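Participant: Below you will find the structure I want to go over with you.
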Amino acid sequence: MINVPIGINVELLEQAIRTRVMQTLSVCLEIVRFECEKASPIDTGELRESIRIEQPKWITPFILEGQVFAGDMEIVQAYYTEKGTRSHGPVFARSMHFHWKGVEIFAKRVMGVTAMNWMQSVADFSRPRVIALFKALEAEFHGWLFTSIVMGPSGGLR
């Protein structure tokens, strides 16, 4: 076995890896956000406009977190279009009262909404592209580590 002395700044290496991984994660989240905007059901456009990315987080070197959200407290249809609803009526009153497309409605019962699973479809569609980006990043780092650490700046073994 040959001992190859390497003089490497571990903190600098960690920072370089962290920067490239976070850049790749941000690109992946943008891909998912873009696909969500294309796949989201459109009625008024509020749902499409509510799609946003949560700032990616580096939790540990092995755990990253990034999320794409649709809807919020005012735009609840994201959940209902994704998961669906069942037929339902009022709980305490004799009828339900709501506004829909500018019309005031009183109803004893409303039909449910069939689940569209549009966000799950986007996740399934985007998964191979995300995996390919991270595999390319892995290959980039393997090549970089080999040429920078093992081969040295002159290209010969250290």
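Residue by residue, here is whether (1) closer than 19 Å to R48 by Cα; (2) basic (K, R); (3) surrounded by 11 or more Cβ atoms within 10 Å (Cβ to Cβ); (4) at pLDDT 90 or above holds:
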{"position": "A78", "(1), (2), (3), (4)": "yes, no, yes, no"}
{"position": "H88", "(1), (2), (3), (4)": "no, no, yes, no"}
{"position": "R94", "(1), (2), (3), (4)": "no, yes, no, no"}
{"position": "V122", "(1), (2), (3), (4)": "yes, no, yes, yes"}
{"position": "S126", "(1), (2), (3), (4)": "yes, no, yes, yes"}
{"position": "F141", "(1), (2), (3), (4)": "no, no, yes, no"}
{"position": "F146", "(1), (2), (3), (4)": "no, no, no, no"}
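Participant: Okay, moving on. For region 1-109, give me every one of the strands (runs of 3 or more DSSP E) that falls completely inside it and has 3 or more residues that are touching a Cys at 6+ places or on another chain (Cβ under 7 Å) and among the charged types (D, E, K, R). Spell out how you get there, then give the answer.
Facilitator: Numbers: elements: 52-60, 63-69, 96-100, 103-107.
In region 1-109, no matching strands (runs of 3 or more DSSP E) lie anywhere.
Participant: Under the condition of being of a type outside the set (S, T, N, Q) and surrounded by 12 or more Cβ atoms within 10 Å (Cβ to Cβ), which residue from region 67-76 is farthest from E46 (Cα to Cα)?
Facilitator: So the residue we want is V68.
Participant: Now for a separate question. Name every residue in region 40-63 that is over 16 Å from Y80 (Cβ atoms) and either surrounded by 12 or more Cβ atoms within 10 Å (Cβ to Cβ) or within 12 Å of the chain's Cα centre (by Cα) (or both), in order of residue number.
Facilitator: Matches in region 40-63: E49, R52, I53, E54, Q55, P56, K57, W58.
Participant: I need a count of the residues in region 28-37 that are loosely packed, with under 14 Cβ neighbours inside 10 Å and in contact (Cβ under 8 Å) with a residue 24 or more places away in the chain.
Facilitator: Counting residues in region 28-37 that are loosely packed, with under 14 Cβ neighbours inside 10 Å and in contact (Cβ under 8 Å) with a residue 24 or more places away in the chain gives 0.
Participant: Okay, moving on. Name the residue that is nearest to the chain's Cα centre (by Cα), counting only residues in region 101-114 that are closer than 25 Å to A70 by Cβ and exposed (fewer than 10 other Cβ atoms within 10 Å of the Cβ).
Facilitator: For region 101-114, the residue satisfying everything is T114.
The values are calculated or read from the model by the stated rules, or taken from the named source; none is laboratory data. Worth saying up front: this structure is predicted, and the values here are computed from it rather than measured. Don't worry about glycine lacking a Cβ; one is built from the backbone with ideal geometry, like all the others, and counts go over all protein chains shown.
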